[in-house]
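Since the structure comes first, as structure tokens, the remarks are kept for the end.
FYI, it's all coordinate maths here, none of it is from the lab. Since the model is a prediction, treat every value here as computed from it, not as a measurement. We place every Cβ from the backbone using ideal geometry, glycine too, and count neighbours over all the protein chains shown.
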Amino acid sequence: MIMENNESKMVTIHVMGKSHEVPGDLTIMKAMEYAGHQFRRGSGCRGGYCGACATIYRTKGSYKLLGALACQKMVENDMYIAQIPFSPAEKKTYDINDLRADANAFMVHYPEISRCLSCNTCTKACPQDIMVMDYVQAALRGDVSEAARLSFDCISCGLCAVRCPAEIVPYNIAQLARRLYSKYVDGPAEHVLEKVKEVEEGKFDAEIAELQSLDREALKERYETREKRL
Ligand code: SF4
Ligand code: SF4
């Protein structure tokens, strides 16, 4: 049922089977909080970058389950919503120095990518509009640069992995591709090397010591008034 108020249209959402009237200009996350739910897990940056708030939903009359980030997707009337368990970051352990930037690096650690069916389900599931199947295929043929380029915006939300019929975990492939690219194709970033040198030379020691001496309230105050870089 849709109702009007002075601020915004109210819509009805259904969270784990319970119906709630919420303002229609909220994200799923804010609407769930408006309805009284508290996020202890499954929320992080709230800005679409951390990938923690993967959510599934469907709309009235449709059997299709859709995925989204709860902090980004706006509610719709008669949206049926369920949070899904977080996607585990169970990547293989490897020493990047022992690998080469080729297909073998992927096949040794993630041999399941050879099962890719080219079904494109992963691409359709991605809330970041990433060409997921294409980066998996690029990894499979050893094109590290292309795999790293295509997966650059991946936030490891896991929505592709939970839909893959071949049980491939694309975000692990993406992470390995970007590491190989950084190590063997692009080379180390000069500004990062400079910053590491400054850390090792103790440039930030006094600042860190001061932060460590602050109590909880003072830390909160410092956080609230921090310089924000967009
Ligand atoms: S969903 Fe899995 S099998 Fe299908 S294209 Fe993506 S990685 Fe390949
Ligand atoms: S590629 Fe997969 S893990 Fe990365 S953002 Fe897209 S759906 Fe999420």
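Seen through its C-alpha gyration tensor, with square-root eigenvalues sorted a ≥ b ≥ c, the chain comes out oblate because a/c lies at 1.5 or above while a/b is not bigger than b/c.
When you restrict to C-alpha pairs under 8 Å that are six or more residues apart and normalise by the size of the stretch 96-186, the relative contact order lands at 34 percent. As a length-normalised measure over Cα pairs under 8 Å and 6 or more apart, the relative contact order of the stretch 1-145 settles at 20 percent.
Across the stretch 179-207, no residue has a backbone nitrogen under 18 Å from the label position 7 Å along the beta-carbon direction of residue 221.
Taking amide hydrogens as placed 1.01 Å from N in the peptide plane, the amide H of residue 79 sits under 5 Å from those of 14, each at least 5 positions away in sequence or on another chain. For the stretch 10-83, with only Lys/Arg (+1) and Asp/Glu (-1) charged at the beta-carbon, what is the dipole magnitude about the Cα centre, in debye rounded to 20? Approximately 280 debye in magnitude. Taking other residues whose beta carbon is less than 15 angstrom from the beta carbon of residue 29, and scoring Lys, Arg as +1 and Asp, Glu as -1, yields +2. Taking a straight line from the alpha carbon of residue 18, these lysines sit under 29 Å away, with near neighbours fewer than eight places off in the same chain left out: 9, 30, 60, 64, 73, 124.
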